[in-house]
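Below is one structure, written out as structure tokens; the observations come after it.
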């Protein structure tokens with residue numbers, strides 16, 4: 001979301017483009033070209049891990065469908 005506007009992204013030549021404005025974004029969430037150039041997406045805290053490592057330390061994890 002940027003200024004309350006929900007953006008939808010697709011991969012384009014090593015970067016990303018949003019469907020709404022056509023701006024190009026890098027993997028750091030920075031608009032590098034287009035009408036939103038210079039804008040940044042809000043960071044979202046997350047964990048990037050392998051499943052076997054996650055389940056080894058958090059065996060109470062439940063898998064939902």
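Okay, here's what the table says:
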| item | result |
| --- | --- |
| Any hit, the stretch 17-24, residues being modelled with pLDDT of 95 or more and out of contact with any strand residue (DSSP E or B) (no Cβ under 8 Å at 6 or more places or on another chain) | yes |
| Residue 58 being surrounded by 10 or more Cβ atoms within 10 Å (Cβ to Cβ) and more than 13 Å from the chain's Cα centre (by Cα) | no |
| Cross-chain or 6+ apart pairs with Cβ under 8 Å, the stretch 22-36 first and on the phi > 0 side of the Ramachandran plot, then surrounded by 14 or more Cβ atoms within 10 Å (Cβ to Cβ) and in a strand (DSSP E or B) | 34/17; 34/24 |
| Residues of the stretch 39-55 classified as within 20 Å of the chain's Cα centre (by Cα) and surrounded by 10 or more Cβ atoms within 10 Å (Cβ to Cβ), total | 4 |
| When residues of the stretch 1-14 are limited to those that are surrounded by 10 or more Cβ atoms within 10 Å (Cβ to Cβ) and modelled with pLDDT of 95 or more, the one nearest to residue 63 (Cα to Cα) | 9 |
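The values are calculated or read from the model by the stated rules, or taken from the named source; none is laboratory data. Please read all numbers here as calculations on a predicted model, not as lab measurements. Every residue, glycine among them, receives a Cβ derived from its backbone with ideal geometry; neighbour counts consider all protein chains shown.
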